[in-house]
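Notes to accompany the following structure.
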Amino acid sequence: MPPLINPITLFFASIFTSNILLTNFLGMCSFISISKDWKSSFGLGMAVTVVLTITAAVSWLVLRFVLVPFGMEYLSFIIFIIVIAAVVQILEMVIDRASPALYLSLGIFLPLITVNCAILGAILFMQIRSYNFIQAITFGAGSGLGWWLAIMLLAAIRERTEKNPVPAGLKGPGITMITIGFMAMAFIGFSGMIAVQ
Amino acid sequence: MKNTEAEKNALQRMKPGAITIQGFLGTDTRSLADIIEADAEEFRRLKLDPEEAADGLERLRDAGQAGLGEPITVEGRYIVSTGDARGVLPCPYGDGVFHKNSVTVDDEQSGVELIYSDLSLHLLRAHGFCQGQGSPFRLAPEALARLLG
Amino acid sequence: MNPIILGPLVTAGIAASLALLISLIDRVVNDYGEVSIDINGGKRMYKVRGGSALLGTLAAEGIFVPSACGGRGSCGACKVRVLSDVGPHLPTEIPYLTPQEIEQNVRLSCQIKLKKDIQLEMPEELFSVKKFKSTVTSMKDLTYDIKEVLFRLDEPKDIDFIAGQYVQIVVPPYGSVKESVQRAYSMSSRPLDKNHVELLVRLVPGGIATTFVHQQLKEGGKVELVGAFGDFRVRDTPAAMVCVAGGSGMAPFKSMFYDMRENNSFPEKEIWYFFGARTTKDMFYLDELRQLQKEWSRFHFIPALSEPKPEENWKGETGLITDVLEKYIKEKIGKDEGLEGYLCGSPGMINACINVMTRNGMEESKVYYDKFA
């Protein structure tokens with residue numbers, strides 16, 4: 001029985017109160033390494049949003065019309081990964097055609113979206129929480145935008161800390177981890193406002 | 001692992017046959033980061049600034065060019081010869097191209113003999129990279145200290 | 001149905017349909033159709049299939065933009081000016097371009113992908129550049145580190161060039177060298193001998209191409225050459241030529257002198273040729289050039305050694321070539337028709353010679369050089 005949560009509420013909830021990055025800590029590796037640069041962060045965030053929205057929709061259809069009728073939900077992990085890989089492949093071709101500069105700046109991180117745990121994580125949440133189709137899409141888009149928001153915030157903060165006198169030992173990853181900790185604490189402040197479970 | 005993609009590319013281009021025939025790593029089996037860190041440590045111990053060392057080598061190169069490819073004596077103690085070839089070499093880190101040349105310095109006072117190029121100077125200056133042990137173009141901090149001391 | 005069979009079937013079915021979707025999208029997205037290339041405002045027009053890099057597409061049409069790395073974006077040589085919009089400069093291009101070049105939309109042709117109609121501007125001489133299959137017919141050691149290599153052109157059989165121009169050798173992968181590279185060498189052969197190309201190659205420490213020529217290439221070996229490039233050539237004026245070279249910088253001059261003698265071209269021109277070396281070990285073509293001087297009155301050959309050993313019994317000029325040059329400009333060279341400088345060598349040697357020449361009243365705009373840069 002799908003939970004009776006309004007898709008619009010779900011959309012905003014997945015951006016703020018249960019931000020996939022800052023409350024579930026999924027998709028950290030590219031989050032930390034790409035956030036060095038503001039422009040690439042924007043591009044990657046948008047790519048994650050698009051991949052997440054499309055894969056949520058496709059995975060939902062595959063789950064509902066193939067896996068459930070055959071009684072093969074136990075294959076969902078492997079099937080979802082295949083779906084993600086295919087969508088990323090398609091997105092890669094489209095970006096290469098539309099914006100070679102973005103394609104080059106994303107570099108290896110574009111194919112690595114395939115193994116970005118935020119994406120598989122969000123799709124598995126969608127399955128566990130038995131969302132309907134509309135909910136699945138809004139949740140996917142919301143989680144993606146949440147990821148985009150978090151990486152943009154971190155990129156902006158890192159741009160500031162670059163210019164500030166950080167103790168030598170904390171430069172780079174050290175201060176970034178502390179920053180992420182503060183951001184996570186701030187986002188956890190939203191939790192409980194809307195229940196998405 | 002993933003965020004050193006640029007470094008991995010640089011490492012590929014440092015292998016023999018990519019940019020130069022012998023490559024930049026010589027027989028060194030350490031990782032790139034270890035080589036750079038060990039040399040940086042050595043520079044600190046010798047109280048030698050890599051930037052100043054590069055300036056010193058550049059000064060010797062400029063003085064040596066007066067010989068027009070033939071060895072000449074500079075500052076009474078160095079025998080410097082410069083050679084030039086047509087074309088440019090790219091930096092393995094991908095930040096610029098450098099005129100193909102080689103400067104051989106033989107210091108009669110300390111007995112140190114070094115060979116370097118404009119690219120070696122850039123690697124030392126911008127990337128703190130003195131090249132791996134066994135590379136003919138290696139600029140070991142210890143040798144630099146004796147040469148310029 | 002048995003889940004052991006059903007599971008793989010479903011997985012394979014889903015994977016196959018996604019693969020089908022990918023290849024369908026690939027056909028739509030990566031089909032750039034036919035695009036046109038317009039060079040120098042309609043002088044040359046090509047219709048080609050889009051989708052590949054400009055450098056390779058032009059080469060397939062018979063236009064060889066000079067490139068040393070073979071399209072990997074690491075030499076920065078394959079510059080062309082693009083007049084139509086092909087998007088902003090890529091991060092892989094910027095390190096190789098000067099701010100003025102970026103301003104003029106000069107691009108690396110190996111990095112830009114041909115997606116739509118494009119307008120280019122390039123030197124006309126590139127139109128006559130061809131790729132030649134050739135066979136090495138002779139190799140001689142001129143000094144301990146310079147080899148004279150003669151190539152016979154097999155396909156096409158003839159090269160048209162002007163004395164002073166250069167060709168690129170296509171060095172195939174060998175040993176630890178995994179990818180083909182190209183390197184430029186001035187031709188020392190006479191333009192009239194259209195079937196042959198001769199190069200003087202000095203072994204460079206660590207050099208990929210020179211090591212190949214010195215250690216791998218043997219008589220009978222096959223290599224590809226691309227050429228001819230360059231604008232170093234004899235200017236059509238009555239002014240006397242003051243030529244200075246060292247080492248393999250001999251090559252373009254050898255070609256020029258024998259060409260002028262054979263055709264008796266530019267008959268008013270006096271020729272002064274200064275060639276510097278350290279000892280006789282570094283000197284070559286001494287007998288040939290002295291012979292030429294004897295037979296040809298307007299040619300004056302001045303070899304100079306900077307550090308001759310007593311046992312060498314050297315009777316020519318001694319000292320740095322710049323000092324010898326200065327002495328001759330001041331005392332010996334007739335200046336009635338004016339003087340022109342021709343230099344081939346390292347940037348250091350060229351700068352030093354330009355200093356000597358301008359200091360002695362020669363105009364810098366009349367000093368032409370082929371810098372090893």
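Where a number appears in this text, it was derived from the coordinates with a stated rule and is not lab data. Here the structure is a predicted model, which means the values were calculated and not measured. Heads up, the Cβs are rebuilt from the backbone with ideal geometry, glycines too, and the neighbour counts pull from every protein chain shown.
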Practice task
For chain C, with a Gaussian network of springs between Cα atoms less than 10 Å apart, report the residue from C:Ile25, C:Ile63, C:Ile162 with the top mean-square fluctuation.
Solution key: C:Ile25
Problem - Sorted by Cβ density within 10 Å, fewest first, the residues C:Thr358, A:Thr49, B:Thr27 - result: B:Thr27, C:Thr358, A:Thr49
Handout entry: Base-10 log of normalised Debye intensity for the range A:119-171 (one unit scatterer per alpha-carbon) at q = 0.20, 0.24, 0.26 Å⁻¹
Key = -0.71, -0.87, -0.95
Completion exercise
Fewest-first ordering of C:Ile169, C:Ile354 by Cβ atoms within 10 Å yields C:Ile354, C:Ile169
Handout entry: Descending principal axes extents, chain A, alpha-carbon based, whole Å
Key = 59, 42, 26
Problem - Column: log10 I(q)/I(0), Debye, Cα scatterers of the range A:66-171, q = 0.23 Å⁻¹ - result: -1.30
Practice task
Treating each Cα of the protein assembly as shown as an identical point scatterer and ignoring solvent, apply the Debye formula and state log10 I(q)/I(0) at q = 0.07, 0.09 Å⁻¹.
Solution key: -0.65, -0.95
Practice task
Compute the long axis of helix B:5-14 from its Cα atoms, compare it with the longest principal axis of the Cα atoms of chain B, and write down the angle in degrees, 0 to 90, nearest 10.
Solution key: 50
Fill in the blank from the handout: Listed residues A:Gly45, A:Gly71, A:Gly172; largest mean-square fluctuation, Gaussian network over chain A with Cα springs below 10 Å, found at A:Gly71
Practice task
Could you tell me the convex hull volume per residue, in Å³, taken over the Cα atoms of the range C:22-180?
Solution key: 189
Practice task
Can you check what the Kirkwood hydrodynamic radius comes to for chain C, Cα pairs only, in Å to one decimal?
Solution key: 23.7
Handout entry: Peptide-level mean, for C:92-100, of C-beta atoms on other protein chains within 10 Å
Key = 2
Fill in the blank from the handout: Mean 1/r over distinct Cα pairs of the range C:129-229, inverted to a Kirkwood Rh in Å, yields 13.5
Fill in the blank from the handout: Per the helix-only model, chain B has a calculated mean residue ellipticity at 222 nm (DSSP H runs of ≥4, -39500 (n - 2.57) each, divided over all residues, rounded to the nearest 500) of -11500 deg cm²/dmol
Practice task
State the cysteines of chain C left without a partner when partners are defined as other cysteines whose beta carbon lies under 4.7 Å away.
Solution key: C:Cys78, C:Cys110, C:Cys243, C:Cys344, C:Cys353
Problem - In the range C:181-289, the GluC sites (Glu not before Pro) that fall in loop regions by DSSP, at most 11 other Cβ within 10 Å - result: C:Glu219, C:Glu268
Practice task
Normalising by the residue count of chain A, find the relative contact order in percent from Cα pairs under 8 Å and 6+ residues apart.
Solution key: 46
Practice task
Could you pull out every whole DSSP H run in chain A that spans at least 24 Å of Cα extent along its own axis and averages -1.0 or higher on the Kyte-Doolittle scale?
Solution key: A:38-62, A:76-98, A:133-162
Exercise for the section: Could you work out the mean projected area of the convex hull around the alpha carbons of the range B:46-149, in square nanometres to one decimal? Expected result: 6.3
Exercise for the section: With springs only between Cα atoms under 10 Å apart, run a GNM on chain C and tell me which of C:Lys115, C:Lys147, C:Lys330 wobbles the most. Expected result: C:Lys330
Exercise for the section: For chain B, find the longest principal axis of its Cα atoms and tell me its angle to the long axis of helix B:118-127, 0 to 90°, nearest 10. Expected result: 50
Problem - Stokes-Einstein translational diffusion, the range C:240-371 - Kirkwood Rh over all Cα pairs, 1.002 mPa s, 20 °C, in µm²/s - result: 143
Practice task
Over 19 Å between C-alpha atoms is what I'm after, so list which of C:Lys147/C:Lys269; C:Lys130/C:Lys157; C:Lys140/C:Lys222; C:Lys147/C:Lys294; C:Lys194/C:Lys254; C:Lys269/C:Lys335 land there.
Solution key: C:Lys147/C:Lys269; C:Lys147/C:Lys294
Completion exercise
the range C:129-229: relative contact order from alpha carbon pairs under 8 Å, six or more residues apart, as a whole percent, is 39
Completion exercise
Quick note on C:Tyr342, C:Tyr96, ordering by fewest other C-beta atoms within 10 Å, gives C:Tyr96, C:Tyr342
Practice task
Determine the calculated [θ] at 222 nm for chain C from helices alone, applying -39500 (n - 2.57) to every DSSP H run no shorter than 4 residues and normalising by the residue count; nearest 500 deg cm²/dmol.
Solution key: -7500 deg cm²/dmol
Practice task
Any chance you could give the angle, 0 to 90 degrees and rounded to 10, that helix B:32-45 forms with the longest Cα principal axis of chain B?
Solution key: 40
Practice task
Counting only GluC sites (Glu not before Pro) that are in a DSSP loop and have at most 15 other C-beta atoms within 10 Å, tell me the longest site-free stretch of chain B.
Solution key: B:1-74
